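A quick write-up on the structure given underneath.
The values are calculated or read from the model by the stated rules, or taken from the named source; none is laboratory data. Note that the coordinates shown come from a computational prediction; the quantities given were computed from them, not determined experimentally. Heads up, the Cβs are rebuilt from the backbone with ideal geometry, glycines too, and the neighbour counts pull from every protein chain shown.
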Amino acid sequence: MSETRELIRFTAITDFEVPMYHIGEVDFQYSTEVLTDHCERYGADELLNMLGFMQHLVWEIKLSQSKADMANSAQADTHQDKV
């Protein structure tokens, strides 16, 4: 079995008891020492590629949501015109 180590951890607030947070707020945790050690041992390219891929995924989701919102808005406008 492969040995793994957590480099970065992303979390999102889904519920809260303290009003200093809001639903959907994203946070991340990391250790400078762990990241430095990883980059010194293995280089930063893989980590940068993964972060770039994650950024790409988020933009793709945002774009598809925007397209869906525009389509729904257009349908609502068309329906409004018929009424």
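In table form, for the structure just shown:
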item	result
Residue match in segment 25-48 (condition: among the polar types (S, T, N, Q) and not assigned by TED's automatic domain parsing to the domain that holds Arg5)	no
Enumeration of residues in segment 1-31 that are over 30 Å from Tyr42 (Cα atoms) and surrounded by 10 or more Cβ atoms within 10 Å (Cβ to Cβ)	Ile13, Phe16, Tyr21, Glu25
Where Asp27 falls short, out of the listed (1) part of a loop (DSSP other than H, G, I, E, B); (2) acidic (Asp, Glu); (3) in contact (Cβ under 8 Å) with a residue 12 or more places away in the chain	(1)
Test for Leu47: is it touching a residue at least 40 places away in the same chain (Cβ under 8 Å), surrounded by 10 or more Cβ atoms within 10 Å (Cβ to Cβ) and assigned to a helix (DSSP H, G or I)	yes
Candidate set: segment 1-33, residues that are charged (D, E, K, R) and at pLDDT below 90; chosen: the one farthest from the chain's Cα centre (by Cα)	Glu17
Residue check, Asp69 at pLDDT below 95, part of a helix (DSSP H, G or I), under 28 Å from Ile13 (Cβ atoms) and not polar (S, T, N, Q)	yes
